[in-house]
Every structure is written in C-alpha cells, then in structure tokens.
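The values are calculated or read from the model by the stated rules, or taken from the named source; none is laboratory data. A quick note: this is a predicted structure, and the numbers were derived from the prediction, not measured. Backbone-built Cβ (ideal geometry, glycine too); neighbour counts: all protein chains shown. For the accessible areas, the whole protein counts, side chains as well, though only heavy atoms, and no ligand, DNA or RNA atoms are used. Shrake-Rupley method; radii C 1.70, N 1.55, O 1.52, S 1.80 Å.
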Amino acid sequence: VQLQASGGGLVQAGGSLRLSCAASGRTFRTYGMGWFRQAPGQEREFVAAINWRGSSTYYADSVKGRFDISRDNAKNMVYLQMNSLKAEDTAVYYCAARKRGGGIYQEIGDFDSWGQGTLVTVSS
C-alpha cells in the first residue's frame, strides 16, 4: 500500500491543523492505521491509531483530548485533526498502515507501510 500524507504547515500555538493521508489499495478498509511523529533530533513516536472500522481509537497521552483520528474507508483516507497545538507538537508527521490485522497498534514495528511525512511547525 502507498500512503501520501498532506496538510502540514506553519501555525501559531493554540491553532489547529488537519492532516490527511491518502492510501492506495482495494483492501484499505481492512487495515489498522496510525499516525506517528518525529521531532528534530528525537526518535519517531506514536501519536494516534484507529482500527479498520473507525470504531476504536487510541492516543498518546501527550495529545489526548487535543487530537482526533478518523477515517473514511469509502475514500481511502485517514485524518488527524490537531487542536490546541503547542510548540512541542512541532515535528514531521507520518501516517502508517498495518495490512495484517485491522486492530489498534502503537509500535513502529507493527506497521507495514509508511507515508513520506508532512511537516508541522507550531510557533510559540
């Protein structure tokens, strides 16, 4: 599966952005999906995950209550709505897919395919 992330940009602290991830493949609706991020000089970290139906989600503590992950299986899309952004949210954001199993996953090694990343910069 090929993934294409978009929607990043520069935003002031307290603002909002919505990231999008377009996926190829006829069986996208069976995949577990996730968002990760990597700040300069830091390791890639988990942000949010959603199961194949969109009925279950999971978030890192650092974004819980501010970010919302969703998906539209008819359009092969996954979204990350980011509100109340903070300077520490600045990072390259990656979407990821797990083809074998459509549940909730949060480890980097759980995912098979990765998008190219989109940069989010939050100014304080």
query: Considering the stretch 19-32 alone, what residues qualify as being surrounded by fewer than 20 Cβ atoms within 10 Å (Cβ to Cβ) and of a type outside the set (A, V, I, L, M)?
result: Ser20, Ser24, Gly25, Arg26, Thr27, Arg29, Thr30
task: Taking Gly115 as the residue in question, decide whether it is touching a strand residue (DSSP E or B) at 6+ places or on another chain (Cβ under 7 Å) and within 30 Å of Gln12 (Cβ to Cβ).
output: yes
- prompt: Any residue in the stretch 86-96 that is part of a loop (DSSP other than H, G, I, E, B) and open to solvent by 40 Å² or more (accessible area, probe 1.4 Å)?
  reply: yes
- prompt: Of (1) more than 15 Å from Cys21 (Cβ to Cβ); (2) in a loop (DSSP other than H, G, I, E, B); (3) open to solvent by 40 Å² or more (accessible area, probe 1.4 Å), Thr121 satisfies all except one. Which?
  reply: (2)
- prompt: Would it be correct to say that Gln81 is among the polar types (S, T, N, Q), part of a loop (DSSP other than H, G, I, E, B), open to solvent by 30 Å² or more (accessible area, probe 1.4 Å) and out of contact with any Pro (no Cβ under 7 Å at 6 or more places or on another chain)?
  reply: no
- prompt: What are the pairs, 6+ residues apart or on separate chains, where a residue within the stretch 4-18 that is within 8 Å of Thr121 (Cα to Cα) and open to solvent by 50 Å² or more (accessible area, probe 1.4 Å) has its Cβ under 9 Å from a residue that is in a strand (DSSP E or B) and at pLDDT 95 or above?
  reply: Leu10/Leu119; Leu10/Val120; Leu10/Thr121; Leu10/Val122; Leu10/Ser123
- prompt: Regarding Gln42, is this residue in contact with a strand residue (DSSP E or B) (Cβ under 6 Å, 6 or more places away or on another chain) and exposed (fewer than 14 other Cβ atoms within 10 Å of the Cβ)?
  reply: no
Qualifying positions in the stretch 92-124 - closer than 16 Å to Thr27 by Cβ and out of contact with any Leu (no Cβ under 9 Å at 6 or more places or on another chain): Arg98, Lys99, Arg100, Gly101, Gly102, Gly103, Phe111, Asp112
query: Across the stretch 52-111, what is the number of residues that are touching a helix residue (DSSP H, G or I) at 6+ places or on another chain (Cβ under 6 Å) and on the phi < 0 side of the Ramachandran plot?
result: 4
query: Which residues, taken from the stretch 102-118, are assigned to a loop (DSSP other than H, G, I, E, B) and open to solvent by 30 Å² or more (accessible area, probe 1.4 Å)?
result: Ile104, Tyr105, Gln106, Glu107, Asp112, Gln116
query: When you look at Thr57, is it open to solvent by 50 Å² or more (accessible area, probe 1.4 Å) and closer than 19 Å to Trp114 by Cβ, yes or no?
result: no
- request: Determine which single condition Trp35 fails, assuming it passes every other condition in (1) farther than 28 Å from Ser124 by Cβ; (2) surrounded by 13 or more Cβ atoms within 10 Å (Cβ to Cβ).
  value: (1)
